[in-house]
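The values are calculated or read from the model by the stated rules, or taken from the named source; none is laboratory data. Just so you know, these numbers come straight off a predicted model, no measurement behind them. As a convention, Cβ positions derive from the backbone with ideal geometry for all residues, glycine included, and neighbour counts pool all protein chains shown.
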Amino acid sequence: MTDDAYEDSSIDATARVVDPGGTDDERRFEAALRPKRLADFPGQPRVSSQLALVLEAARRRGAPPDHVLLSGPPGLGKTSLAMIIAAELEQPIRITSGPAIQHAGDLAAILSSLAEGEVLFLDEIHRMARPAEEMLYLAMEDFRVDIIVGKGPGATAIPLQLPPFTVVGATTRAGLLPAPLRDRFGFTGHLDYYSGADLATILHRNAALLDVESTPDGISEIASRSRGTPRIANRLLRRVRDYAQVHGTGVVDLDAARTALALFDVDVSGLDRLDRGVLEALCKRFAGGPVGLTTLAIAVGEEPDTVETVVEPYLVREGYLIRTPRGRAASDKAWEHLGLAPPEPTAPTSAGTPTLPFGSDEGRFG
């Protein structure tokens, strides 16, 4: 048990719980950079101001706030906000995830050990098992769970009253949440991608916390290639810091940033090797598309889910990729970014239907 853990295994609001797969350096890095209060949370001004109002009203009432749902792409600060909520309320936080709760009994064990006012953070809440979801409905609304004892006709439901608590749910796919669960959250905040100025503010702060000397030009270069995501910005800051310490002067300046990011295959638009691989496959192998997701994934040696959830959101948002009913297609911006000329439009046939460059649809829409 760590120094910041309570006897019932709940975690102090100022603690940082990370996945066990990270290294000790990564854990210390993340712990050092997470803001502890809403006033220190950069970006997301609308969500921050709305959340500040909800928490202040709850403090004045002397009661736990409504349940909170945070949605948005990965890496934008949903976990940080959950920990900030606990810190602002001066309450401990219990952290778990949807995939870890596959049975109603798993959730019942967590709920029955919560203290009054405690914050329960459920990451990736949309991946929770359906029986656990149905138990959570009752717990969130009435602060009660029914424990089933026995099996078959002799089974008995024993109601267990719970102290008031606050659920903070985080999801990257809010559309997958069932409506009954979504409706039980009193406040829903959607996190958007950060502006370059907000990312630069985050990087300046984090460089100072890590005792890394930097220049405004170097920080701005990293921010411009971070895809609007603080998690990516922090990762790139680490890599540029490493390069500056090994091959440079130890200062994260413009030259160190450009050279290091080129070494790690991050181009001026923030596209990495996989992003460019998808665009090159579209343009060079399939004449710009349209081509099906499965075929495109095979062409770049990745799983379709990886292409759809990791690569596509940014490429579509930035206008490099177009999703059509017939498959994925490259935009003019993608051709320009790769330095390639788009193919000439094919002449229509006598029936008025354009022909495809390869003369066959086979394999293009799989």
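Computed values, structure above
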| quantity | calculated |
| --- | --- |
| Pairs, first touching a residue at least 12 places away in the same chain (Cβ under 8 Å) and more than 14 Å from F264 (Cα to Cα) in region 225-243, second among the β-branched types (V, I, T) and buried (at least 20 other Cβ atoms within 10 Å of the Cβ), C-beta under 7 Å, six or more apart | P230/I202 |
| Residue identified as in a helix (DSSP H, G or I) and within 28 Å of V307 (Cβ to Cβ) among R276, R205 | R276 |
| Number of positions in region 40-55 that are out of contact with any Pro (no Cβ under 7 Å at 6 or more places or on another chain) and surrounded by 13 or more Cβ atoms within 10 Å (Cβ to Cβ) | 8 |
| Scan of region 59-77 for residues that are surrounded by 19 or more Cβ atoms within 10 Å (Cβ to Cβ) and in contact with a Pro (Cβ under 9 Å, 6 or more places away or on another chain), ordered by number | P64, P73, G75, L76, G77 |
| Residue in region 181-194 that is surrounded by 14 or more Cβ atoms within 10 Å (Cβ to Cβ), within 30 Å of P216 (Cβ to Cβ) and out of contact with any strand residue (DSSP E or B) (no Cβ under 8 Å at 6 or more places or on another chain) present | yes |
| Sole exception among (1) part of a loop (DSSP other than H, G, I, E, B); (2) in contact with a Gly (Cβ under 8 Å, 6 or more places away or on another chain) for I232, by number | (1) |
| Odd one out for F286, checked against (1) under 25 Å from T229 (Cα atoms); (2) not assigned by TED's automatic domain parsing to the domain that holds R227 | (1) |
| Pair list, Cβ under 8 Å, 6 or more apart: region 103-131 residue closer than 17 Å to G77 by Cα, other residue assigned to a helix (DSSP H, G or I) and charged (D, E, K, R) | D123/K78 |
